[in-house]
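Asks: Below you will find the structure I want to go over with you.
Derivation of every value follows stated rules applied to the coordinates shown; laboratory data play no part. The structure presented is a predicted model; accordingly, all values stated were derived computationally and were not measured. For neighbour counting, all protein chains shown are included, and Cβ atoms are generated from backbone atoms with ideal geometry for every residue, glycine included.
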Amino acid sequence: MAKNNRRGCHISTRGGYRAAAERAYALGCGSFQYFPKNPRGLGLKHFDRIDAARCLEFCREHNIASIAHSAYPSNLASPDEGVRMRTASSLLNDLDIAESCGSLGVVVHFGAYKERDPLTGYKLMIATLDYITERWQGSCRLLIENMAGNHGFMGMTLEELVQIRSLCREPDKIGFCIDSCHLFASGVWDGGLEPSWAQSPAGLAAREHVKALHINGSVYASGSRRDRHALLGEGELELSGIGWLLRHFPDIPAVLETAPGADGTHLGQLLQMKAEEEGRG
Ligand SMILES: [Zn+2]
C-alpha cells in the first residue's frame, strides 16, 4: 500500500501509543484510530508523555495520520450535569493525550437526549462543547460523529452536525467524523453512488469540516436505526458505496472499525478498501 494513503483501521494501544503507531505502519496503514484510555469509563488517565512524543515522532517520520476515539459513556447532551462534566473532563484529557501523540482529532459521538423537549438536548450539547473548547488551546479538534439512531433521534443527520458546530462559540475547534454504517443505518444514505445527501446544502456545508471517516459495513438495512458493524463486503451496505464514499472524501483519514478477517488481521479489508476506492473492486 502506498505510504501516503490515508486509509487504515482501529489499532490496539497494547504496549503504548508508539507501539500502536508501529503496528499500524506494519499493516500498511496511512492512518489509524486508537483509544487514548480505557473506553469503558470516564476516568482520567495520567499518561506517559514520552511514549506519546515517540508516537508523534514515528507518525511524522512515516506520514501516518491518527485519530483518537473517546470513551463510550461520553454524553455531551446528558440531562445529568454530573455526566456532562465528567464527559467534558474526559474529553479534555483525551485531547491532551491525542495532541501529545500528534493526532488530528478526538472522535466523540453526537449527544443523546431522550427527555421530552428535544431543543434542550441540543442546547446542553452546545453548552458542553463551549465548556470544552474554552479550556482547550491545542490544535487537535473534537470530531463529532453522526449516529445510527439507536440511542435516540439526535445526531442522525448532517444538518444537525452543521448546525451544532455553527452554533458553538469556537467552531474552528470542531470537525466531523462520518461513520458509513451510521449514515446508512440512520436512513440518510441508501448506500448508492452519488447520493442526494452529498449535494444537499447540509452535505455541502459538512464536507469541508469532515476530518475523519469510520468505514464499516452494516449488518442491518438502511433506515433500520440499528448500529452493528459488518465486515466490508458483508451485510447490507455494498462495497461499491464504500468506494464512492472514499472517493468523495479523498485524503481524509478513514479507519475500519470492523472485526478482523479470518487471518486475525485487517489486511484483507484494507486491500478491499483500496481496491474499491480505485474502482477495481
Ligand atoms: Zn464509528
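Asks: Can you figure out the FRET efficiency of A26 with E234, using R₀ = 22 Å and their beta-carbon distance, to the nearest 0.05?
Replies: 0.30
Asks: Once you wrap a convex hull around the alpha carbon atoms of the chain, what is its projected area averaged over all directions, in nm²?
Replies: Seen from a random direction, the Cα hull of the chain projects 13.4 nm² on average.
Asks: Within the set of other residues whose C-beta is less than 9 Å from the C-beta of S222, count the net charge using Lys and Arg as +1 and Asp and Glu as -1.
Replies: Net of charged neighbours comes to -2.
Asks: Can you give the percent of C-alpha pairs in segment 207-281 whose distance is more than 17 Å?
Replies: Of the Cα pairs, 43 percent sit more than 17 Å apart.
Asks: Okay, next question. Of K114/K211; K114/K173; K173/K211; K45/K211; K37/K173, which ones are farther than 23 Å apart at the Cα?
Replies: K114/K211; K114/K173; K45/K211
Asks: So, one more: Any lysines with Cα under 16 Å of the K274 Cα? List them, leaving off those in the same chain fewer than 8 positions away.
Replies: K274 reaches K3.
Asks: Using only the alpha carbons of segment 110-257, determine the length spanned along each of the three principal axes and report them from longest to shortest in whole angstroms.
Replies: Result for segment 110-257: principal-axis Cα extents of 42, 37, 27 Å.
Asks: Next up: Which value results for Rg/Rh of segment 1-43 when Rg is the Cα radius of gyration and Rh the Kirkwood radius based on the inverse mean 1/r?
Replies: 1.05
Asks: I'd like the trypsin sites (Lys or Arg not before Pro) in segment 19-74 restricted to DSSP loop residues with at most 10 other Cβ atoms within 10 Å, sorted by number.
Replies: The qualifying sites are R40.
Asks: D130 versus H46, label points 7 Å from Cα toward the beta carbon: distance in nm?
Replies: Placing both labels 7 Å along Cα→Cβ, they lie 3.5 nm apart.
Asks: What relative contact order, as a whole-number percentage, does segment 71-258 give when Cα pairs under 8 Å and 6 or more residues apart are counted?
Replies: 17 percent
Asks: As an exercise, take the mean of 1/r over every pair of distinct alpha carbons in segment 19-133, invert it, and state the Kirkwood radius in angstroms.
Replies: Computed over segment 19-133, the radius equals 14.9 Å.
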